[in-house]
Amino acid sequence: MLGVINSAALPALRIAATFFFLIYLAGGAYIFRNRHRFFDRDPSVDNDIPAVRKVRIEVVIIPWLVVTTLILILLINFWRA
């Protein structure tokens, strides 16, 4: 895929990908800083036990880590090309 990208557009893609990756990391930091507000006990929910709260965190964290890894690999390939 990187071979068919015009070499003139590659620097712009590098900068844009880095910029959006930093925004993505800032979003992850926001979720981490406000994790108690998002994932703590909710009195309006029946059967809100600690196991359910742990699963809620895992449902968000695991895909976020996978997508972060994939974007980082793509970004490294952009900078190496």
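Selection of segment 38-81 for residues being within 30 Å of SER7 (Cβ to Cβ) and outside any helix (DSSP H, G or I) yields only ALA81. Residues satisfying the criterion are present in segment 22-35 (criterion: in a helix (DSSP H, G or I), of a type in the set (Val, Ile, Thr), without any contact (Cβ under 8 Å) to a residue 24 or more places away in the chain and open to solvent by 80 Å² or more (accessible area, probe 1.4 Å)).
The values are calculated or read from the model by the stated rules, or taken from the named source; none is laboratory data. The model shown is predicted, which means the values in this text are computed figures rather than measured ones. All Cβ positions, glycine included, derive from the backbone under ideal geometry; neighbour counts span all protein chains shown. To get the accessible areas, we keep the full protein, side chains included, count just its heavy atoms, and leave off ligands, DNA and RNA. Shrake-Rupley method; radii C 1.70, N 1.55, O 1.52, S 1.80 Å.
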